[in-house]
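The values are calculated or read from the model by the stated rules, or taken from the named source; none is laboratory data. Keep in mind that what you see is a predicted model, and the values were worked out from it rather than measured. Backbone-built Cβ (ideal geometry, glycine too); neighbour counts: all protein chains shown.
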There are 2 protein chains.
Amino acid sequence: MTDQDDFCSAAENLLGPRGFTTDPDLVLPWLTDWRGRYHGAALALASPANTDEVSRLMKLCGKHGIAVVPQGGNSGMSGGATPDASGNAVVLSLRRMNRIVELDPIGRKVTCEAGVVLQALHEAAAAEELRFPLTLGGKGSATIGGLISTNAGGTQVLRHGTMRAQVLGLEAVMADGAILDTLVPLKKDNRGFDLKQMLIGSEGTLGIVTGATLRLLPASGGRVVAWVGLGSLTAARELLLRCEAQSPDTLEGFEVLPRHCLTAVLDHLSNARSPLEQEHEWNVLIEWVSAPGAQEAVREQAEEILTSALDDGLVGDAALAENETQAEAMWLLRDSISVAERALGPAMQHDISVPVAKMADFVEQTVPEVETAFPGTRALAFGHLGDGNVHFHVLAPTGAIAGQWEDTDGKTVSRFVHDRVTEVGGSISAEHGIGQMKRDELARLGDPVALALMRSVKLALDPANLLNPGKLVPDVDPMPRKPV
Amino acid sequence: MTDQDDFCSAAENLLGPRGFTTDPDLVLPWLTDWRGRYHGAALALASPANTDEVSRLMKLCGKHGIAVVPQGGNSGMSGGATPDASGNAVVLSLRRMNRIVELDPIGRKVTCEAGVVLQALHEAAAAEELRFPLTLGGKGSATIGGLISTNAGGTQVLRHGTMRAQVLGLEAVMADGAILDTLVPLKKDNRGFDLKQMLIGSEGTLGIVTGATLRLLPASGGRVVAWVGLGSLTAARELLLRCEAQSPDTLEGFEVLPRHCLTAVLDHLSNARSPLEQEHEWNVLIEWVSAPGAQEAVREQAEEILTSALDDGLVGDAALAENETQAEAMWLLRDSISVAERALGPAMQHDISVPVAKMADFVEQTVPEVETAFPGTRALAFGHLGDGNVHFHVLAPTGAIAGQWEDTDGKTVSRFVHDRVTEVGGSISAEHGIGQMKRDELARLGDPVALALMRSVKLALDPANLLNPGKLVPDVDPMPRKPV
């Protein structure tokens with residue numbers, strides 16, 4: 001028997017038929033990312049039922065030199081959960097570990113396993129009149145473990161921060177199978193390096209997140225949602241500054257969509273319509289969230305801000321959602337961009353951030369630059385203006401072949417966009433992570449000091465490079481493996 | 001010449017006479033911590049003028065195998081900035097690097113060098129109608145670099161978090177002299193491991209923090225400060241829950257002091273008097289901070305909470321500060337505890353946290369346990385009840401000899417207290433860090449998995465163990481040094 005056969009036999013014994021399979025039909029769905037951009041192969045699919053099984057599996061992997069690709073909801077944007085083509089790795093799915101272990105309404109925290117889906121967490125919190133203050137388009141599939149491993153952002157970062165700000169403690173299995181347990185619900189703890197911070201955002205390359213304790217907030221008194229049409233991103237930025245100044249304690253979301261994005265979404269969703277009668281160059285979706293009992297005051301404040309912006313000519317038109325159904329409909333437009341845009345053919349997605357004050361200029365200069373440099377392409381930017389983070393997408397020229405353009409001209413386009421971002425001190429990954437998609441770009445444009453430190457930490461914690469190899473950290477040279 | 005002589009000569013050439021001295025009189029003041037608990041020796045005192053000099057000094061240190069003890073305001077609580085007795089290390093003072101580099105009022109952030117004193121930062125922010133939301137008793141000496149390296153807490157953590165939550169970016173010099181620069185003012189950046197998080201709270205063992213970009217908040221509309229007398233810590237916890245429920249967006253501080261602490265402070269401060277006429281077993285200092293224009297509403301809310309607590313018999317007496325002078329006077333009582341208590345003779349300080357809900361029971365059980373187990377001692381707990389973090393101090397019996405009791409019976413007392421804390425899932429260092437004071441206790445009681453990970457990271461980033469050796473990380477075996 002080969003080492004791989006030995007491993008599979010031992011892993012099957014360990015995890016049982018529900019927890020381990022090499023059946024190609026069962027493995028196949030998890031070898032491609034949801035965008036269909038990356039395709040890999042795998043030796044097997046492991047689906048442990050608990051942390052102890054993950055730990056024992058990692059020990060087996062270490063013994064046999066088998067690499068592991070952790071996977072949550074498989075809805076990542078950078079190919080971080082898709083194995084490479086070698087077929088030598090095991091996909092380690094956390095989906096079976098989906099228990100909410102304890103929800104503490106007085107301490108306002110929840111401990112759950114890594115496979116809990118974001119929407120399920122939202123519902124569990126709501127049942128206790130609490131809320132979990134992070135959401136995003138993929139909430140129906142994204143898991144807590146994946147959200148932590150990618151330090152996910154979403155549409156409420158403006159007020160509540162990224163996933164990092166929600167994590168009070170976590171549990172992870174390290175490369176040698178050791179279990180790091182920091183699920184301790186302490187508000188303050190300075191016993192040395194904050195190891196959980198290293199794992200958050202490390203995309204499964206330093207350890208496998210198996211559980212977390214997360215903060216919860218009191219349920220809100222309700223939200224006020226507005227859809228605004230205006231002429232430029234500079235005007236949107238001015239509106240953002242007004243909202244921040246006049247409603248600092250209630251502003252939760254400030255999203256921008258160019259005209260073209262809204263059109264694509266309306267074409268894609270059969271029953272949707274635009275909240276405004278006319279088309280505008282830019283649309284802004286704003287959400288304010290009130291404390292209990294204060295919804296009327298928040299609504300009045302929103303009306304005041306928008307009325308004064310209309311009077312000043314800053315804004316072309318604006319609509320306030322009259323009820324939750326309308327609010328949901330507005331958000332559905334925003335949350336459907338990725339899906340709608342995928343239907344338009346090949347595109348390069350750039351998840352970029354620049355200093356907030358520079359974003360309007362950056363987009364208004366870079367869009368025409370890209371379209372001029374690459375004739376036939378269409379560039380559009382949408383997303384979290386309030387965080388200085390937009391998704392800068394470049395659609396391929398008509399006739400470009402999906403799966404081919406991305407690997408040829410598309411790469412040239414990405415380098416062009418990333419160069420511009422780097423010139424203004426921005427980030428080539430604001431919230432989607434590096435995965436396999438941007439690893440080489442990180443190697444090309446990243447700070448050499450930071451890259452060297454990342455390599456040192458990676459090899460210190462995973463000397464054989466078994467944890468999600470090929471993702472995130474460029475140029476890892478593992479220690480030679482000791483013979484079994 | 002010895003290696004040390006070679007080093008001193010090269011360092012003097014590099015830094016000049018203002019930046020490097022071996023004069024024992026000039027070095028002496030920095031060899032003892034402010035509590036007078038730890039005394040060390042040093043080869044020299046280095047005071048670089050900028051980050052480049054720190055980097056070049058570290059390269060020299062690496063070449064000659066000279067250890068470095070970084071020091072900010074020398075007001076730490078765990079001996080983390082005091083060198084050991086060998087006299088082989090250089091004290092690296094960041095005090096000359098005290099420039100506020102840029103304060104951005106619109107982006108609400110400030111970039112400054114590590115040696116900026118906290119109070120100076122408060123004043124710079126206030127001049128722009130902004131505030132920096134972290135403060136503590138040592139604000140007149142504590143530096144930004146020290147606050148970051150120890151992940152300092154203080155009296156506003158309840159609402160605004162520890163130092164970690166304030167750091168948007170930082171600059172640090174690593175063991176090999178490389179400069180890690182993450183001063184980028186981006187709100188979102190997922191380009192790999194968040195390296196700055198490793199440095200925050202690492203007490204100078206992984207790198208030397210030389211600068212930071214910190215968040216600022218809009219200036220408040222003012223504060224409402226109350227002094228409350230009540231009968232038990234359980235009553236204080238009940239009052240805290242009421243404040244959190246009824247004033248969730250304005251409650252910033254909730255500090256407790258037992259009767260004995262207040263007496264010690266009043267004895268120590270010549271002009272101070274108690275805000276309440278009678279003595280109470282426990283005192284609570286509460287601070288609410290209002291948004292601009294909302295001070296009256298916040299004051300009314302505070303009055304309502306306290307009146308209802310008085311009516312219910314939960315509280316014995318309460319006083320609201322009538323003006324800023326009275327508010328300052330109340331805070332002075334709180335901030336003087338450490339200094340006043342030092343005058344009472346030898347004591348063991350335990351900076352502990354337990355889950356917030358368990359704190360009242362923990363203190364009320366452990367105080368008599370300690371006093372029974374160690375006759376003649378007096379135990380008292382004060383501090384940040386709202387964070388589940390109290391300073392649990394045990395005063396030596398009358399007649400105990402300072403500097404001797406702490407190293408003998410005092411150590412037994414500390415082990416006793418730390419055992420109790422560990423039994424209830426608490427932390428032996430909530431906010432003061434480990435330093436040299438608690439390193440052996442961390443080795444004894446810490447999670448072996450976490451300790452092994454800390455060692456791996458430490459040796460990956462500082463293989464020769466030159467950065468603050470002997471602090472924080474137990475049992476570091478450095479790589480053998482290559483000959484020069």
request  = Give segment A:282-326 a look and list any residue that's under 26 Å from A:Val363 (Cα atoms), charged (D, E, K, R) and touching a strand residue (DSSP E or B) at 6+ places or on another chain (Cβ under 7 Å), or say none.
outcome  = A:Glu287, A:Asp317
task = Output yes when any residue across segment A:375-384 is among the aliphatic types (A, V, I, L, M) and either assigned to a loop (DSSP other than H, G, I, E, B) or within 14 Å of chain B (Cβ to nearest Cβ) (or both), and no when none is.
result = no
task = Only residues in segment A:1-29 that are touching a residue at least 12 places away in the same chain (Cβ under 8 Å) and under 15 Å from A:Gly65 (Cα atoms) count as the first member; pair them with residues that are assigned to a helix (DSSP H, G or I) and not polar (S, T, N, Q), Cβ under 7 angstrom, at least 6 apart or cross-chain, and list the lot.
result = A:Asp3/A:His64; A:Asp6/A:His64; A:Phe7/A:Leu60; A:Phe7/A:His64; A:Ala10/A:Leu60; A:Ala11/A:Leu57; A:Ala11/A:Leu60
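The rows are residues; the columns are (1) over 22 Å from the mean Cα position of the chain (by Cα); (2) of a type in the set (Lys, Arg); (3) not assigned by TED's automatic domain parsing to the domain that holds B:Leu262.
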position	(1), (2), (3)
B:Ile352	no, no, yes
B:Lys358	yes, yes, yes
B:Phe382	no, no, yes
B:Trp405	yes, no, yes
B:Ser414	no, no, yes
key: Residues satisfying the stated conditions in segment B:385-415, i.e. assigned to a helix (DSSP H, G or I) and under 30 Å from B:Glu287 (Cβ atoms)   = B:Leu385, B:Gly386, B:Asp387
request  = Could you list all residues from segment B:266-284 that are within 23 Å of the chain's Cα centre (by Cα) and surrounded by 22 or more Cβ atoms within 10 Å (Cβ to Cβ)?
outcome  = B:Asn283, B:Val284
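This table checks each residue for (1) in a loop (DSSP other than H, G, I, E, B); (2) β-branched (Val, Ile, Thr); (3) on the phi > 0 side of the Ramachandran plot.
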position	(1), (2), (3)
B:Pro275	yes, no, no
B:His280	yes, no, no
B:Val289	no, yes, no
B:Gly293	yes, no, yes
B:Arg299	no, no, no
B:Leu306	no, no, no
request  = Taking the options A:Ser202, A:Ser220, name whichever one is farther than 24 Å from A:Asp104 by Cβ, in contact with a Ser or Thr (Cβ under 9 Å, 6 or more places away or on another chain) and hydroxyl-bearing (Ser, Thr, Tyr).
outcome  = A:Ser202
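Of the residues that sit in segment B:145-157 and are more than 11 Å from the chain's Cα centre (by Cα) and surrounded by 24 or more Cβ atoms within 10 Å (Cβ to Cβ), which one is nearest to the other protein chains (Cβ to nearest Cβ)? It would help to see each step written out before you state the result.
Going through segment B:145-157, the residues more than 11 Å from the chain's Cα centre (by Cα) turn out to be B:145, B:156-157.
Narrowing further to those that are surrounded by 24 or more Cβ atoms within 10 Å (Cβ to Cβ): B:145, B:157.
Numbers: B:Gly145: 16, B:Val157: 7 Å.
By that ranking, first place goes to B:Val157.
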query = Which condition number in (1) more than 9 Å from every other protein chain (Cβ to nearest Cβ); (2) buried (at least 24 other Cβ atoms within 10 Å of the Cβ); (3) within 14 Å of B:Leu199 (Cα to Cα) is the one that B:Leu168 fails?
reply = (2)
ask   = Can you tell me which of B:Thr135, B:Thr162 is of a type in the set (S, T, N, Q), out of contact with any strand residue (DSSP E or B) (no Cβ under 6 Å at 6 or more places or on another chain) and surrounded by 23 or more Cβ atoms within 10 Å (Cβ to Cβ)?
value = B:Thr162
task = With the checklist (1) surrounded by 24 or more Cβ atoms within 10 Å (Cβ to Cβ); (2) within 10 Å of chain B (Cβ to nearest Cβ) in hand, flag the one item A:Met174 doesn't pass.
result = (1)
query = Hey, B:Leu15 hits all of (1) under 30 Å from B:Gly403 (Cβ atoms); (2) over 23 Å from the mean Cα position of the chain (by Cα); (3) among the hydrophobic types (A, V, I, L, M, F, W, C) but one; which does it fall short on?
reply = (1)
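Residues are listed down the side, and each one gets a yes or a no for (1) more than 9 Å from chain B (Cβ to nearest Cβ); (2) surrounded by 21 or more Cβ atoms within 10 Å (Cβ to Cβ):
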| site | (1), (2) |
| --- | --- |
| A:Gln436 | yes, yes |
| A:Ala450 | no, no |
| A:Met454 | no, yes |
| A:Ala464 | yes, no |
| A:Leu467 | yes, yes |
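Which members of segment B:177-192 meet the condition of being within 8 Å of another protein chain (Cβ to nearest Cβ) and in contact with a helix residue (DSSP H, G or I) (Cβ under 7 Å, 6 or more places away or on another chain)?
Taking segment B:177-192 first, the residues within 8 Å of another protein chain (Cβ to nearest Cβ) are B:178-182, B:184-192.
Residues satisfying the conditions are B:Ala178, B:Ile179, B:Leu180, B:Thr182, B:Lys187, B:Lys188, B:Arg191, B:Gly192.
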query = If we keep just the residues of segment A:104-124 that are assigned to a loop (DSSP other than H, G, I, E, B) and touching a residue at least 12 places away in the same chain (Cβ under 8 Å), which is surrounded by the most Cβ atoms within 10 Å (Cβ to Cβ)?
reply = A:Ala114
query = Just a yes or no: is a residue in segment B:185-194 closer than 30 Å to B:Thr82 by Cα and either touching a residue at least 40 places away in the same chain (Cβ under 8 Å) or crowded, with 24+ Cβ neighbours inside 10 Å (or both)?
reply = no
Residues of segment A:295-309 that turn out to be surrounded by fewer than 17 Cβ atoms within 10 Å (Cβ to Cβ) and either of a type outside the set (Val, Ile, Thr) or touching a His at 6+ places or on another chain (Cβ under 8 Å) (or both), as a count = 6
ask   = Which condition number in (1) over 30 Å from B:Ala235 (Cβ atoms); (2) more than 8 Å from chain A (Cβ to nearest Cβ); (3) in contact (Cβ under 8 Å) with a residue 24 or more places away in the chain is the one that B:Leu442 fails?
value = (2)
task = Considering only segment B:224-261, state which residues are within 12 Å of chain A (Cβ to nearest Cβ), over 24 Å from the mean Cα position of the chain (by Cα) and farther than 19 Å from B:Glu364 by Cα.
result = B:Glu244, B:Ala245, B:Gln246, B:Ser247, B:Pro248, B:Asp249
Considering residues of segment B:206-247 that are charged (D, E, K, R) and touching a helix residue (DSSP H, G or I) at 6+ places or on another chain (Cβ under 7 Å) only, the residue surrounded by the fewest Cβ atoms within 10 Å (Cβ to Cβ) = B:Arg242
request  = Look through segment B:393-430, keep the residues that are within 14 Å of another protein chain (Cβ to nearest Cβ) and closer than 13 Å to B:Gln349 by Cα, and return whichever of them is surrounded by the fewest Cβ atoms within 10 Å (Cβ to Cβ).
outcome  = B:His418
ask   = Within segment A:333-358, can you find the residues that are in a helix (DSSP H, G or I), of a type in the set (A, V, I, L, M, F, W, C), surrounded by fewer than 21 Cβ atoms within 10 Å (Cβ to Cβ) and away from chain B (no Cβ under 14 Å)?
value = A:Val339, A:Ala340
inquiry  = Tally up the residues in segment A:140-164 that are at pLDDT below 95, closer than 14 Å to A:Leu214 by Cβ and in a helix (DSSP H, G or I), please.
reply    = 1
